Amino acid sequence: MRIQQSLRLMIALACLSCPLAAHGQALVADLSSHLVAITTGFAGTDVLLFGAVEGPGDVVVVVRGPDQREIVRYKARVAGIFVNRKEMAFSRVPSFYEVAASGELDKIASASERARLEIGSENLRLIPEVERDPATVADYRAALIRNKEAQGLWAPNVAKVTSLGARLFRANLYFPSNVPVGIYQVQVFLFHDGEVRAAQTTPLSISKIGASADIYEFAHRADAAYGAIAIALALAAGWAASAIFRRV
Amino acid sequence: MQIYLPIAELSLNVFGLLGLGVVVGFLSGLFGIGGGFLLTPLLIFIGVPHAVAVSTHANQLIAASASGALAHWRRNAVDFRMGLVMLLGGFVGSTLGVWLFKALSRIGQIELVISLSYVVVLGLVGLLMLSESGISMLRQRRKAPPKPRAGRHPYWVRVLPFRMRFYRSRIYISALVPFVVGMFVGVLVAIMGVGGGFIMVPAMIYLLGMPTAVVTGTSLFQIVVITANVTFLQALTTQTVDVVLALILMIGGVLGAQVGARTGGYLKGEQVRGLLALLLLAVAGKLLYDLVVTPADLYSISRGGS
């Protein structure tokens with residue numbers, strides 16, 4: 001797997017680096033795989049991002065999972081116990097978020113560019129569905145980021161983009177075992193003097209494959225049959241155990 | 001060895017899950033309880049989504065309690081007549097409970113109500129059982145004669161209509177009492193996501209006056225039917241039953257349940273009850289502590305359907 005991956009990388013890089021100047025493209029990037037297959041043995045995986053740049057600059061990579069709605073709840077003490085008292089709903093929250101860069105973000109990109117391109121979790125446009133005063137919204141937004149990081153779905157630190165010589169770069173993108181399925185967007189930016197010089201977006205599909213996909217499909221398509229089979233399996237297991245233990 | 005759970009959508013260690021199944025299965029065989037009040041919180045703690053933990057646990061319970069119930073049935077320790085009357089109430093109660101669950105989820109207070117009902121129910125039942133088994137152990141030590149069996153039911157129970165004879169339990173009582181007990185348990189099953197054995201067992205002993213020998217088997221028989229119903233409804237409405245997770249827990253669970261049922265045979269009734277009481281109080285204490293102590297993060301997030 002590793003050898004195959006490195007081989008593929010070398011071939012790809014060899015292809016990439018030659019025609020780059022001829023086409024005048026400032027940035028070319030690709031993934032070692034466009035599909036992350038969640039099989040029964042899935043325990044998180046790395047996807048290799050590689051590419052080449054034309055001219056000077058720094059590379060920033062942003063990985064975004066499909067958006068979803070999140071509700072943030074605030075607990076307060078009521079009669080001695082902690083109770084959910086207030087809540088704020090955010091729509092368009094990326095289910096997964098990771099940033100990789102070839103250097104320090106604040107030196108690579110200007111604040112306005114980082115905000116515009118939503119680079120860094122503090123720059124994500126997390127807008128509450130119901131408008132509230134800015135200080136309250138900031139508290140809830142910080143809580144959302146904190147909890148997402150605790151779930152391991154938003155990377156708390158900027159991952160490294162490694163430069164290989166002046167033109168080639170690579171980055172390891174890690175996806176944990178609880179990664180949500182769906183179509184991901186991998187955005188690669190080339191920055192120079194704080195401004196974006198080139199950008200490219202590559203899709204990445206994360207989906208269940210094999211037995212786990214079949215079970216999931218079956219549970220959703222034929223729910224009654226699935227329920228009946230689940231009961232039958234359990235009864236069989238209970239009976240079998242009791243029959244075996246009777247003889248022991 | 002990690003295994004990916006298709007419905008829960010995360011990977012967990014197989015041996016860890018098997019071990020969890022054995023421990024909970026042992027308790028279920030020993031006490032005639034499902035062990036849901038332990039397993040459901042533990043599954044949530046290791047990262048399984050709340051709904052998946054509750055539904056899958058119901059599925060797993062079928063196996064553990066069926067194997068336990070069969071073992072008790074062979075020893076003729078199941079009162080089917082009593083079980084059926086309680087099941088009727090259970091179906092009414094769980095329908096009511098599902099409706100309550102939906103209403104509470106809408107206002108975002110379901111977790112609080114779950115925690116509070118655990119604390120109140122487990123705490124009360126635990127205290128009641130602990131004091132009773134303590135008293136009866138003391139009485140035995142003093143070689144005092146046990147309380148006479150006749151006329152154990154309080155006056156208000158004896159005057160209720162629809163009296164029925166339950167031959168296996170050798171009691172004569174109004175069918176309304178087991179029906180209401182079953183209904184109450186049904187509500188708790190739907191709200192707390194547990195089999196309800198820990199409340200059914202003491203209710204059978206103290207309220208119905210059933211002999212301890214029959215209580216465990218009858219309770220397990222009911223749990224089989226109730227959890228099968230819950231599994232089917234969850235598979236139909238929420239699609240949160242994870243058969244892979246359930247199977248792993250089952251393998252551990254059935255092994256543990258058999259060992260537990262045998263161990264129970266060596267212990268005295270009041271000893272079993274005393275141990276169960278301590279366990280219930282420990283869980284209630286832990287949940288109360290979590291409610292009172294300032295949480296590490298006052299904010300929490302949950303995925304909201306649009």
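Taking B:Val157, B:Val214, B:Val241 in turn, the Gaussian network model of chain B (Cα-Cα springs below 10 Å) assigns the largest fluctuation to B:Val157. Helical runs assigned H by DSSP (4 residues or longer) give chain A a calculated mean residue ellipticity at 222 nm of -10500 deg cm²/dmol, each run adding -39500 (n - 2.57) before division by the residue total. Each residue in B:Met1, B:Met250, B:Met137 was given a count of other beta-carbon atoms within 10 angstrom of its own, and listing them fewest first yields B:Met1, B:Met137, B:Met250.
Helix A:134-150 versus the longest principal axis of chain A: what angle, 0 to 90°, nearest 10, using Cα atoms? Computed tilt is about 70 degrees. Distance from the C-alpha centroid of the range A:76-134 to that of the range B:127-143: 58 Å, rounded to the whole angstrom.
Each residue in A:Asp67, A:Asp58 was given a count of other beta-carbon atoms within 10 angstrom of its own, and listing them fewest first yields A:Asp67, A:Asp58. Within 10 Å of the Cβ of each residue in B:228-235, the mean number of Cβ atoms contributed by other protein chains is 5.
Which longest run of chain A has no exposed loop site in it, a site being GluC sites (Glu not before Pro) in a DSSP loop with at most 10 other beta carbons within 10 Å, and the site itself not part of the run? Longest run free of exposed loop sites: A:132-248.
Rg then Dmax, both in Å and based on the Cα atoms of chain B: 19.3, 66. Only the Cβ atoms of Lys and Arg (+1) and of Asp and Glu (-1) were treated as charged; on that basis the dipole of the range A:2-209 about its Cα centre amounts to roughly 620 debye. Rounded to the nearest 20 debye, the dipole size of the protein assembly as shown about its Cα centre is 3380 debye, using +1 on the Cβ of Lys and Arg and -1 on the Cβ of Asp and Glu. Relative to the dominant Cα principal axis of chain B, helix B:269-292 is inclined by about 40°.
So which aspartates and glutamates pass the test for A:Lys160, namely a Cα distance under 14 Å, with those fewer than 8 places away in the same chain ruled out? The reachable aspartates and glutamates, counting only those whose Cα sits under 14 Å from A:Lys160, are A:Asp46, A:Asp58, A:Glu98, A:Glu104. Helix B:212-237 and the longest principal axis of the C-alpha atoms of chain B enclose an angle of approximately 30°. The calculated FRET efficiency for A:Tyr74 paired with B:Trp99, based on their beta-carbon distance and R0 = 30 Å, is about 0.60.
The Cα-based radius of gyration and maximum Cα-Cα distance (Dmax) for the range B:113-246 are 17.4, 56 Å. Among A:Ala29, A:Ala222, A:Ala213, the largest mean-square fluctuation in a Gaussian network model of chain A (Cα springs under 10 Å) belongs to A:Ala222. Each of B:Leu61, A:Leu124 was scored by other Cβ atoms within 10 Å of its Cβ. Listed from fewest to most, they are A:Leu124, B:Leu61. Each Cα pair under 8 Å and six or more residues apart adds its separation to the average, and for the range A:2-209 the resulting relative contact order is 31 percent. From most to least packed by mean Cβ count within 10 Å, the peptides B:218-225, A:199-206, B:77-84, B:105-112 give B:218-225, B:77-84, A:199-206, B:105-112.
With the simple model of a label 7 Å out from the Cα in the direction of the Cβ, B:Tyr266 to A:Asp193 spans 8.3 nm. Given their separation in residues at 0.36 nm each and the Cα-Cα distance between them, B:Arg141 and B:Val292 gain 50.4 nm when the chain is fully extended. By DSSP, the beta bridges lying fully in the range A:2-209 are antiparallel in about 85 percent of cases.
The per residue volume of the convex hull around the alpha-carbon atoms of the protein assembly as shown is 174 Å³. How big is the gap, in Å, between the Cα center of the range B:154-228 and the Cα center of the range A:206-228? Each part's Cα centre sits 37 Å from the other's.
Taking a ≥ b ≥ c as the square roots of the eigenvalues of the Cα gyration tensor, the range A:140-239 is prolate, since a/c reaches 1.5 or more and a/b is larger than b/c. Extending 7 Å from the Cα toward the beta-carbon at both A:Ala243 and B:Val113 defines two label points whose distance is 4.3 nm. In summary, the aspartates and glutamates within cross-link reach of B:Lys268, defined as a Cα separation below 20 angstrom excluding same-chain residues under 8 places away, comprise B:Glu132.
So if the hydrodynamic radius of chain A is defined as the Kirkwood radius over C-alpha pairs, what does Stokes-Einstein give as its diffusion coefficient at 37 °C and 0.692 mPa s, in µm² per second? Here the translational diffusion coefficient equals 154 µm²/s. State, as an integer percentage, the relative contact order of chain B based on alpha-carbon contacts under 8 Å between residues 6 or more apart. With pairs under 8 Å counted, the relative contact order is 41 percent.
FYI, it's all coordinate maths here, none of it is from the lab. Quick caveat, the model's predicted, so the values are computed rather than measured. A quick note on method: Cβ atoms are made from the backbone with ideal geometry, for glycine too, and the neighbour counts reach across all protein chains shown.
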